[in-house]
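Here is the structure we will look at, set down as structure tokens.
Coordinate-derived values only; no laboratory data. Just so you know, these numbers come straight off a predicted model, no measurement behind them. Here the Cβ positions follow ideal geometry from the backbone for every residue, glycine too, while neighbour counts run over all protein chains shown.
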């Protein structure tokens, strides 16, 4: 690929009189000549995923009194029905034996999953495990031979401006490749307390969900999960991927256990509100409420306590606290530094198992 600009280096008149030559134009290399060698290497590991999901249809008798519903059902033998909807997404093979990573929102509610390989082979897949909070899922096919797999890369090594290649199944068209750069890191899009997305400008569209984002070495550094689409259509150049630093660990635990176990305190929390005088002296997270049977209540934590550190590490906001506790294996013990009535108190808490959809 040709450079977009050249900068001519100029020399002072004194240097010219001294016999110095003009410097050659400096050319900035802005990217590889072609992504084709990388694509040939990794594309066989990218799969298309088709799903069938049963959804309850609206009950035509909703709104009628129970007695009328009973009579009408007896006369007409009406039953609430279910309809099937089809969807499509993407994924990538992480093990030649047929383990595939994709998004939870692609396969988490599916009744049937079919994986299409790049050679045209269609194979049924079974769900190994899903994690709603990071939108990662692992499925498994039983291939007739070893498959091409792709390795994880280090998303922490990616810098804003680095080249990336996204692969997937946009609009159900089949394997497609787009290229772009990392536009930003650490994006919070309000999906959960665990948001920490890479933002990329490689175009991704509906159907790309679950597909890989590769670095220039052909390693997976992200899993496509969401796009900004103001009109509800296609890409406007703002896409989000779960970093491999997160996705690889979640995928490994899903393969091993079929689920993700996270620590839980049993509290509702909030950041210190603006104007709170404690903000002038400290950062921390306010305990707004307690589950009376939860670990925090049993440890002696009270509403109004300010959590300023977990395991000796300061916490700045609610996200910090939730992530720190979630990272602890249920049953493990952690020390919390609290500020209560202007004095610091340290308590030891045995962390519980986080219920589904709980926020503390």
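Given a Förster distance of 30 Å, report the FRET efficiency between residue 283 and residue 259 from their Cβ-Cβ distance, rounded to the nearest 0.05.
Values: r = 33 Å, r/R0 = 1.11.
Efficiency, from the Cβ-Cβ distance: 0.35.
Evaluate the relative contact order of segment 263-325 (contact order divided by residue number), counting alpha-carbon pairs under 8 angstrom at least 6 apart; express in whole percent.
On the way: 99 pairs, mean separation 22.5, N = 63.
Worked out over segment 263-325, it gives 36 percent.
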> Let a ≥ b ≥ c be the square roots of the eigenvalues of the Cα gyration tensor of segment 155-257; is it rounded (a/c under 1.5), or, if not, prolate (a/b larger than b/c) or oblate?
Replying inline: rounded
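Kirkwood Rh, Cα Rg: Rg to Rh for segment 263-353?
Details: Rg = 12.0 Å, Rh = 12.8 Å.
So for segment 263-353, dividing Rg by the Kirkwood Rh gives 0.93.
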